[in-house]
1. Once both labels are modelled 7 Å past Cα along the beta-carbon direction, what's the Lys111-Asp245 spacing in nm?
2. What nm distance separates the two modelled labels at Lys268 and Ser419, each placed 7 Å from Cα along Cα→Cβ?
3. Once amide H atoms are placed 1.01 Å from N in the peptide plane, what residues at a sequence separation of 5 or more from Ser398, or on another chain, have their amide H within under 5 Å of its amide H?
4. Check cross-link reach from Lys425 to the lysines: straight Cα distance under 23 Å, and skip same-chain residues fewer than eight apart.
5. Starting at the first residue of the range 113-127, write each ³J(HN,Hα) from the Karplus equation 6.51 cos²θ - 1.76 cosθ + 1.60 with θ = phi - 60°, in whole Hz, x for Gly and Pro.
6. If I model a spin label at His385 and Thr172 as a point 7 Å from the Cα along the Cα→Cβ vector, what separation in nanometres do I get?
7. Count the net charge of all other residues whose Cβ sits under 15 Å from the Cβ of Gly281, scoring Lys and Arg as +1 and Asp and Glu as -1.
8. Using +1 at the C-beta of Lys and Arg and -1 at the C-beta of Asp and Glu, which of Pro406, Ser303, Gly440 has the Cα lying farthest in the positive direction of the dipole of the chain?
Amino acid sequence: MSPVEVLAALNPVDHFISSSFSKFIGSSDISYDPVVLPASIDDAAAENWRLDDEKIFSSLPPLFRGHPEIHLRKGIMDATRRVAANEADAENAFFVADLSQIFRQHERWMKYLPEIVPHYAVKCNPDPYVLRLLAALGAGFDCASNGEISQVLGIGGVDPSRIIFANPCKATSFVRSAAKAGVNNMTFDNADELCKIARAHPEAKLIVRILADDSKSICRFGIKFGAPLEVVPSLLLKAKELGLDVIGVSFHVGSGCYDPTTYGDAIKRARDAFIMGAQAGYRFTLLDVGGGFEDARFEAAASVLTDAINHYFPDRKGIRLIAEPGRFYVSRAFSLAANIIARRAPMIENSSEFVDLKPTSDEPSVMYYINDGVYGAFNCIMFDHQTVNPYVLSLNGSFHVSSSEPLSLCSVWGPTCDSIDCVCKAVELPSALQIGDWLGFDNMGAYTICAASQFNGFEFSKVVYTTSRVGGEEVRRALCNLAAKGYGHGVGP
Ligand SMILES: *Cc1c(COP(=O)(O)O)cnc(C)c1O
């Protein structure tokens, strides 16, 4: 039998409080003993349940050890105690970020695309630990604004040559600031941008962003960015006329590319653009294959890409290959725990028991309201066209969820007063979840935190950082090396 751990009830009126209740509240010195953990966390033993934190960077929160699931539970137990102590905002939603997962993605990248230097797309998740880790691992960065460039250079130890300013339509003042900061690599896809750069940063090393087929991607970029191949010769002519140096070609197949063959077509177009470059009198030395890499299809995309590069660029001595992955690195590294703050369920008279009044209906009968929503971390539903899958972190105050627990169709809502704030329209969840219980959401690292707002007075969900076993020591070593050189301590993000 798996051990059952019972949380203190957030709203004791609704809950049966078990005898183990006192284990988690009422004592200020709580030790998290591995024996109380459910058997499902097999990593726990191997981790020795070590929750010792390490302060590597003075300006950042500590870095813990342990599987992210452990920290989801620890966060819930902490919240439960703080709720019991009447602390304000005690039950706020929170993220757990596993930096080891980012390291493992980097290893995967180096294994399958060893020739291509990743330039992490900062916009995807500009988390300070993520940026420091990737800086320490030797990645480059794709920045789209002055702010992102400052954030990356603010770490220290990142040479501006490791940055590509990959926004083809930049404010003039941003181009000037880039010039001042020594950031020379930048993309363009139109003639006006060339005139602007000629005035503001004539020494820039330019990369022409060509249009790729983005029809197989969740987020398409083609209607906004990318020069069709037909106009590339005239753009290059213009660049020559202005005395600008164009060094290569970039494309982006769209974010969340679900058809890896798209990369093959894009590489063919890039080869055509290289030929146009030579015709215009340039010798291109950079091929930037952009982003779009999805965790689940990474190996397939890498294989198509490698084959296409071998086919269209068989002799690539003197050509530097780079990419701009965002989602691939961070999506799986972050999980979110959200608290059920309210619910709306049908009741029968004289009973507090939930009764599903419409068992045959396909309409959700229970509405759960949680404390992060589409104006916060779940903005990915609106902007990134994501669907999210909640799972139960605690049920009726317990981490133990029986497999025979009855499920019904439920809807999950964010905390704001707007009805657009719907996290899941219809999802199978236990109908017995109580106010104070917790839902978990995995794969919350990409395009979530970065675009969250504080609409309606709800704060951003905070992040707890950890390293799990595989890659954990490598992460620590990399970060400690960076810190020992005096980098990464700067104030702010
Ligand atoms: C958003 C973006 C990326 C990152 O895309 P992912 O799909 O997250 O890999 C890379 N390059 C540019 C220019 C972008 O705009």
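1. 3.8
2. 4.9
3. Leu7
4. Lys358
5. With coefficients 6.51, -1.76 and 1.60, one gets 10, x, 7, 9, 7, x, 10, 4, 6, 4, 4, 5, 5, x, 4 Hz.
6. About 3.6 nm separates the two model spin labels.
7. On the way: positive: Lys238, Lys240, Arg283; negative: Glu241, Asp245.
Residues near Gly281 contribute +1 overall.
8. Among Pro406, Ser303, Gly440, the one farthest towards the positive end of the dipole of the chain is Ser303.
Taken together, the values in this text are just the output of simple stated rules run on the coordinates, not laboratory data. The structure displayed is predicted, hence computed values, not measured ones. When we count neighbours, we look across all protein chains shown, and the Cβ atoms used for this are built from the backbone with ideal geometry, even at glycine.
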